[in-house]
1. Within the range 7-23, list the residues whose amide N lies under 17 Å from a label point set 7 Å along Cα→Cβ of residue 49.
2. Okay, which of the range 55-92 sit inside 20 Å, backbone N to the point 7 Å along the Cα-Cβ direction of residue 101?
3. Quote to one decimal, in nm, the extra length available between residue 69 and residue 6 on full extension: 0.36 nm per residue of separation minus the C-alpha distance between them.
4. Starting from the Cα of residue 13, move 7 Å in the Cα-to-Cβ direction to define the label point; list residues of the range 30-48 whose amide nitrogen is under 15 Å from there.
5. Could you tell me the relative contact order of the range 62-107? Use alpha-carbon pairs under 8 Å, at least six residues apart, and round to a whole percent.
6. Just rank 28, 87, 73, fewest to most, by other beta-carbon atoms within 10 angstrom.
7. Taking Cα pairs under 8 Å and at least six residues apart, what relative contact order does the range 2-45 come out at, in percent?
8. Could you list 7, 77, 57, 49 in order of exposure, starting from the residue whose Cβ has the fewest other Cβ atoms within 10 Å?
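Derivation of every value follows stated rules applied to the coordinates shown; laboratory data play no part. In this text the structure is predicted, and so the values were computed from the model without any measurement. Backbone-built Cβ (ideal geometry, glycine too); neighbour counts: all protein chains shown.
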């Protein structure tokens, strides 16, 4: 970002010295349209900084995002589809399933329940730790249940 402001400042300085847009573009290795846009922005605003972009509009409001999070925390067994349908019913907001996932990346109750139930016994937990840490590999031989 700072490099762009410096380059824009150089463009303005060269144009104010009387250089043509083609010459400035060649010297600074940018396109003529970049030089023209920078000059036009400088004449309109008096600054070389970029205008704040509007960006893409969000389809949900912060209130809708908070609603999704609260619903996910209230009912841990609900899925993204359930959260989406609840938001559509209660708040009358039409969103995609991917939007629900982006708004609540850490809140998939189904996966959370699976992690808790998959923990299983202490033996299973120990075997899982070996796999995750790379300490050893899980096989029936090194698992306590299968050894005699």
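1. Only 7-10 pass the distance filter.
2. Those under the cut-off are 58-60, 65-66, 68-73, 76-88.
3. 18.4 nm
4. Label zone hits: 48.
5. On the way: 30 pairs, mean separation 20.8, N = 46.
Reported relative contact order: 45 percent.
6. Values: 28 15, 87 22, 73 11.
Result, fewest neighbours first: 73, 28, 87.
7. Values: 23 pairs, mean separation 16.7, N = 44.
Reported relative contact order: 38 percent.
8. Numbers: 7 16, 77 9, 57 5, 49 12.
In order of increasing Cβ crowding within 10 Å: 57, 77, 49, 7.
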